[in-house]
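A quick write-up on the structure given underneath.
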Amino acid sequence: MSQSVATRRTKREVITEFRREEILQAARVVFARNGFYETTVEEIAKAAGISKGTLYLYYKSKMDIYWAALKFGVTEMHDRVREELKTVPSVKEKIQTFIHVKMEYFQKNRDFFKIYYSEFGNTFCHPIHMQKEFRDLYRKQVDLLESILVDGIKTRAIRELPVEGTACAIADLTRSVITQHLMNWSKRTIEEDSKLTFDLIWKGISK
């Protein structure tokens, strides 16, 4: 009896998680198309194929959906980068992988990057607690780069340099190149720009 209840609870949790992801995927498309202020909960519900009332069972407000969609994308991207880094041994390959995986994620998730960089540019317009939450998500990426750079200095793969500032510079340069593609300013492929970005960074930090 207890095992049956536990099984039903697990199924319910799986269904809930699946439905949340459907809502967030739909929200990313609508937010990217309309922007935060022009988007309505009704539009998100329609894009997700559910009623407005059903949507409110999962999220309390449009702001909750917005931040959940942003966090979902950032977390998924960060986890993917972290997993890929485990497959390469050298500092050089890790930095190259960091850049490549982020740009590859962009290719497959343009809608997410539109709201991600929109939020990055307007982070000071949101309430303080939201700003902190967003900064913490961004900081995870910088911390990951910092750990790679520290190892690189210890093993003499890269020269002595300010670790935090360099990590931020790498993250920001990568973000800038992705922005060029979002704006359709770059005539190169994402693979070409990924290689170019890495070459510029590596020539600047290697010994």
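The values are calculated or read from the model by the stated rules, or taken from the named source; none is laboratory data. The model shown is predicted, which means the values in this text are computed figures rather than measured ones. Quick reminder, even Gly has a Cβ in these numbers, built from the backbone with ideal geometry, and neighbours come from all protein chains shown.
Restricting attention to region 189-207, the residues that are charged (D, E, K, R) and surrounded by 12 or more Cβ atoms within 10 Å (Cβ to Cβ) total 3. Where helices (runs of 4 or more DSSP H) sit wholly within region 34-105, those with at least 1 residues that are aromatic (Phe, Trp, Tyr) occupy 62-85. For region 50-95, name all the residues that are among the acidic types (Asp, Glu) and farther than 17 Å from PHE31 by Cα. Those that are among the acidic types (Asp, Glu) and farther than 17 Å from PHE31 by Cα: GLU76, ASP79, GLU83, GLU84, GLU93. Scanning region 69-123 for residues that are within 12 Å of the chain's Cα centre (by Cα), surrounded by fewer than 18 Cβ atoms within 10 Å (Cβ to Cβ) and either among the aliphatic types (A, V, I, L, M) or at pLDDT 95 or above (or both) gives no hits. Just to be sure, is SER186 without any contact (Cβ under 8 Å) to a residue 40 or more places away in the chain, in the same structural domain as MET103 (by TED's automatic domain parsing), buried (at least 16 other Cβ atoms within 10 Å of the Cβ) and of a type outside the set (A, V, I, L, M, F, W, C)? In short, yes. Remark: pairs (first residue in region 20-47, under 20 Å from LEU182 (Cβ atoms); second residue assigned to a loop (DSSP other than H, G, I, E, B); Cβ separation under 6 Å; 6+ apart in sequence or on different chains) = VAL30/THR39; PHE31/THR39.
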